[in-house]
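The values are calculated or read from the model by the stated rules, or taken from the named source; none is laboratory data. As the structure is a prediction and not an experimental result, all values here were calculated from the model. Note: ideal-geometry Cβ built from the backbone for every residue, glycine included; neighbour counts use all protein chains shown. Quick note on the areas: whole protein, heavy atoms, side chains included, nothing else; ligands and nucleic acids left out. Shrake-Rupley method; radii C 1.70, N 1.55, O 1.52, S 1.80 Å.
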Amino acid sequence: MAAHHDPAARRGAVRAWEILPLGERSALLADPDPEVRRAAALGECRRDARLTAELLRDAKPAAQVLRRGLLARDVAERCVAERTHLEALAVNPSLPADLVETLAADPDEAVRLAVSLRPELDETRRMAIDFTAGDFDRGDRVWWVRDGQADPEVLRRAATSAHPLLRRAAAQSPHLPPDLLRLLARFEDPVVENLLGIHHPDTPQEVLMRVFARLGGTFSAWMAQTHPRFPREGLAARYADHPDGHYRRLAVRDPAATPELIERLSHDPVVWTRQAAAGDPRLPLHRLREALHTPELASSAGANPGLPEDEMAIVLDRAGVPA
């Protein structure tokens, strides 16, 4: 892609800047297309203060440049004095330590929060900063944890921190060792629980159930319900008569659920429960045939592995699919 005739492809190659050979990087920095050159400069500016200063002459990429570019002292001081994209500047790895301290006391809460996420801070200094983490903030901006998702030391620093956004960032790693997984599961932070349910293959059953109980029909609840560790046994006895239809749907997952129960749930007032039952192979055949002709159940019934081949052929013939 770095040598492709299409400039869009060459711009795409820049996304892999750190693994491109030196010769290809040099060619992209001198590319005839100005957008390719700028993309390449954005990749290279993290190790070149001159490129950083040049890129800052253009207001369009300024925030991105200040977030990652290698900063000369005078450039950093000017940006702090002029309050230029301070939230981006606050996460720059090359920002001098005294300016980090200045921004740690900035009147803008977003700037203070950004400083609190810097990797070089020890826990005492980090938690001395006056910051507020958003209730639904996932910690996606913590680049050093995101980039170190497979690094045990990075994960340990983040997961054991008192900073909620570091813990949430760590919860997005599928590589958490068992002790850190257990630690994060004990915090009962709803965002951490949601992220563990989505990302970690060994998320404890009780965490998955809390996510499902809290979020009902949302994507995170669906991820929890389809997680391989989500409980199955005992769900029918526990939830078949639950007042909430989302819980009644769980009864379908129980291997001990009887055909009679599955049929009853296929008539449930809540459509999601009816659809779950319509797709279950234990559904009696007469009810499965009815479901095929019920608009909101037809898709689930058509995917039911208990549907006989001749019934499948009828469906296909009715749809005009050639044999």
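Annotations
- About the centre of its Cα atoms, the chain shows a dipole size close to 220 debye [charges on the beta carbon of Lys, Arg (+1) and Asp, Glu (-1) only; nearest 20 debye].
- Positive-end extreme of charge dipole, region 99-197 - chosen from Pro107, Val145, Gly134 (charges on Cβ): Val145
- For the residues Ala76, Ala53, Ala313, a GNM of the chain with alpha-carbon springs under 10 Å puts the largest fluctuation on Ala313.
- Probe 1.4 Å - accessible area at Glu260, Å² to nearest ten: 130 Å²
- Probe 1.4 Å, accessible area per residue of the chain, Å²: 51 Å²
- When Thr273, Thr124 are compared by accessible surface with a 1.4 Å probe, the order from highest to lowest is Thr124, Thr273.
- About its Cα centre, the dipole of region 1-102 is roughly 120 debye, where the only charges are +1 on Lys and Arg Cβ and -1 on Asp and Glu Cβ.
- Sulfur and carbon atoms: percent of accessible area, the chain [1.4 Å]: 56 percent
- For the residues Gly69, Gly302, Gly12, a GNM of the chain with alpha-carbon springs under 10 Å puts the largest fluctuation on Gly12.
- Ala81/Arg186 FRET efficiency (R0 41 Å; Cβ-Cβ; nearest 0.05): 0.35
- Put a dot 7 Å past the Cα of Asp108, heading toward its Cβ, do the same for Arg229, and the two dots end up 4.0 nm apart.
- The fraction of Cα-Cα pairs per 20 angstrom bin, counted from 0 for the chain, comes to 24, 38, 29, 8 percent, rounded to whole percents.
- For region 141-186 versus region 57-122, the gap between their alpha-carbon centres in whole angstrom: 24 Å
- Largest to smallest in accessible area, the residues Met209, Met1 fall in the order Met1, Met209 (1.4 Å probe, all protein chains included).
- Counting only protein heavy atoms and using a 1.4 Å probe, the accessible area of Leu29 comes to about 60 Å².
- Shown here for region 81-146: chymotrypsin sites (Phe, Trp or Tyr not before Pro) in loop regions (DSSP other than H, G, I, E, B) with at most 14 other Cβ atoms within 10 Å, namely Phe136.
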